[in-house]
1. Which of the residues spanning the range 144-175 are in contact with a strand residue (DSSP E or B) (Cβ under 7 Å, 6 or more places away or on another chain) and over 18 Å from residue 101 (Cβ atoms)?
2. Could you please give the count of residues in the range 1-35 that are in a loop (DSSP other than H, G, I, E, B) and either surrounded by 16 or more Cβ atoms within 10 Å (Cβ to Cβ) or touching a residue at least 40 places away in the same chain (Cβ under 8 Å) (or both)?
3. Can you tell me which residue within the range 74-96, out of those that are part of a loop (DSSP other than H, G, I, E, B) and modelled with pLDDT of 90 or more, is surrounded by the fewest Cβ atoms within 10 Å (Cβ to Cβ)?
4. For the structure I just gave you, tell me whether residue 40 is touching a helix residue (DSSP H, G or I) at 6+ places or on another chain (Cβ under 7 Å) and surrounded by fewer than 16 Cβ atoms within 10 Å (Cβ to Cβ).
5. Can you tell me which of (1) touching a helix residue (DSSP H, G or I) at 6+ places or on another chain (Cβ under 9 Å); (2) at pLDDT 85 or above; (3) within 30 Å of residue 117 (Cα to Cα) is the one residue 61 doesn't meet?
6. Can you confirm whether residue 88 is touching a strand residue (DSSP E or B) at 6+ places or on another chain (Cβ under 7 Å), free of Cβ contacts under 8 Å to residues at least 12 places away in the same chain and not assigned by TED's automatic domain parsing to the domain that holds residue 23?
């Protein structure tokens, strides 16, 4: 029996492990096939793209289009792509978070939205820069502290407080309860919170302690 080609092996694995229209990272494929050289895998994936069996969202990110799709242009979810790349690992570990107008809008502090996503992630090695994922612009940046499942909500709030007048349509006093509710039951001690807050500019620190600081919501 003829042994499947590398291209066929990769396609079969992606189809079974990821299904259609879900983001597939080059680094994950390399981890799944340690006996293959990275260059060989990259070339094989590119061959699949040329054959229209695979779509490329951005460098290092691919997706398997549904062969039964009605639309000629395959769709790879933008949200799924950024979550996979920057926000959450497959095991549920949080490694990044959305900031700026996204979280301000989610907390009902503003009705404004932005066509540009702002993301802080442990997966970002360099300083702030703009990347293009499909037709969306994403500003990615390295976080001030390592993002974890326990601290990402606090980091989002501190980002808001750092430039509060820009993101909120309400006063700090009016917004206090919404912020408290979002931070309720975070799994951080007073000492851990203080270390994180100290990594932010003075304006963010002052606003944080002005609304009550860690005493307002810590339940650990």
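1. 147, 148, 149, listed by residue number.
2. So the answer is 5.
3. 93
4. Against the criterion (touching a helix residue (DSSP H, G or I) at 6+ places or on another chain (Cβ under 7 Å) and surrounded by fewer than 16 Cβ atoms within 10 Å (Cβ to Cβ)), residue 40 qualifies.
5. Going through the list (1) touching a helix residue (DSSP H, G or I) at 6+ places or on another chain (Cβ under 9 Å); (2) at pLDDT 85 or above; (3) within 30 Å of residue 117 (Cα to Cα), residue 61 breaks only (2).
6. yes
Table: residues versus (1) in the same structural domain as residue 177 (by TED's automatic domain parsing); (2) surrounded by fewer than 16 Cβ atoms within 10 Å (Cβ to Cβ); (3) modelled with pLDDT of 95 or more; (4) assigned to a loop (DSSP other than H, G, I, E, B).
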position: 98; (1), (2), (3), (4): yes, no, no, no
position: 103; (1), (2), (3), (4): yes, no, no, no
position: 108; (1), (2), (3), (4): yes, yes, no, yes
position: 130; (1), (2), (3), (4): yes, yes, no, no
position: 155; (1), (2), (3), (4): yes, no, yes, no
position: 158; (1), (2), (3), (4): yes, no, yes, no
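A quick yes/no check of all residues on (1) part of a loop (DSSP other than H, G, I, E, B); (2) in the same structural domain as residue 105 (by TED's automatic domain parsing); (3) touching a helix residue (DSSP H, G or I) at 6+ places or on another chain (Cβ under 6 Å):
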{"residue": "170", "(1), (2), (3)": "yes, yes, no"}
{"residue": "176", "(1), (2), (3)": "no, yes, no"}
{"residue": "179", "(1), (2), (3)": "no, yes, yes"}
{"residue": "188", "(1), (2), (3)": "yes, yes, no"}
{"residue": "191", "(1), (2), (3)": "no, yes, no"}
{"residue": "194", "(1), (2), (3)": "no, yes, no"}
{"residue": "208", "(1), (2), (3)": "no, yes, yes"}
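The values are calculated or read from the model by the stated rules, or taken from the named source; none is laboratory data. This is a predicted model, so every value here is computed, not measured. Note that we place each Cβ from the backbone using ideal geometry, even for glycine, and neighbour counts take in every protein chain shown.
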